[in-house]
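J.: Could you have a look at this structure, given as structure tokens, before my questions?
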Amino acid sequence: MILLQAVLLAVFPAMVIVAGLRDVTSYTIPNWISGVLIVAFFPAALALGLPMAALGTHLGVGALALVLGMVMFALGWIGGGDAKLFAAAGLWLGVPAAFTYLAVTGVAGGCLALALLGLRSSWARAHVPIGATWLDRLTTPGENVPYGVAIAAGALAAFPSSGLALAFPGFA
């Protein structure tokens, strides 16, 4: 049973890392990544014996993150894939980790924006190797910010304090 719990729990970090890498290299987060996170949450919660009250708070955080993601998308701050990833990660993290998730995601997003400003300067662009399309796009002034990277950083930082991680017998 512990092996099944570990495999189900590993879905979360694996998927948010894939999402961050996809976003930085293609500026898209495919829907299947958020879909896998949402679908895998329920068997993980069941296998780890998450109480119904905790399940409710996880669902509430996921719904609140979806609304917040939709607002940020409507304001043009993030893309649609970012909003869906933000909500799917919120579902996994629940209340104990939500504050860390928001704080680290915000700080990581600010650091990412500052790093991209530096990379997009004329001095830095002169040193970008030719050939990697994703790197060229990442260093092009005026391009969007792949915010999925910041969401992944926030999610990974908050995961150890999530209800699901704390329910894993080999974790605490």
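J.: What is the distance, in nm, between label points placed 7 Å from the Cα along the Cα-to-Cβ direction at ALA113 and at VAL67?
T.: 2.4
J.: Separate question: Give me the distance in nm between label points sitting 7 Å out from Cα along the Cα-to-Cβ direction at HIS127 and ILE38, one decimal.
T.: In this crude label model, HIS127 to ILE38 measures out at 4.3 nm.
J.: With Rg/Rh (Cα atoms, Kirkwood Rh) as the read-out, I listed [x] 0.94; [y] 1.15; [z] 1.03; which label goes with the value calculated from this structure?
T.: [z]
J.: Using 0.36 nm times the number of residues separating ILE2 and ALA14, minus their current alpha carbon distance, what extension gain do you get?
T.: 2.5 nm
J.: Between beta-carbons, use under 13 Å as the cut-off and find the net charge around LEU68, counting Lys and Arg +1, Asp and Glu -1.
T.: Residues close to LEU68 contribute a combined charge of 0.
J.: Only helices at least 24 Å long along their axis, Cα-based, and averaging 0.5 or more on Kyte-Doolittle count here, so list those DSSP H runs from the chain.
T.: Qualifying helices: 2-26, 31-47, 52-74, 80-119.
J.: Under the rule a/c < 1.5 gives rounded, and otherwise a/b versus b/c splits prolate from oblate, where does segment 1-77 land using the Cα gyration tensor?
T.: Verdict is oblate for segment 1-77.
J.: Related question: So what is the relative contact order for the chain, in percent, with contacts set as C-alpha pairs under 8 Å and at least six apart?
T.: Rounded, it is 32 percent for the chain.
J.: Also, quick follow-up: Rounding to the nearest 20 debye, state how big the charge dipole of the chain is about its Cα centre with +1 on each Lys and Arg Cβ and -1 on each Asp and Glu Cβ.
T.: It comes to approximately 100 debye.
Read-outs: derived from the displayed coordinates by stated rules, not from any lab. Remember, predicted model here, so these are calculated numbers, not experimental data. Counting neighbours? That spans all protein chains shown, and the Cβs are built from the backbone with ideal geometry, glycine included.
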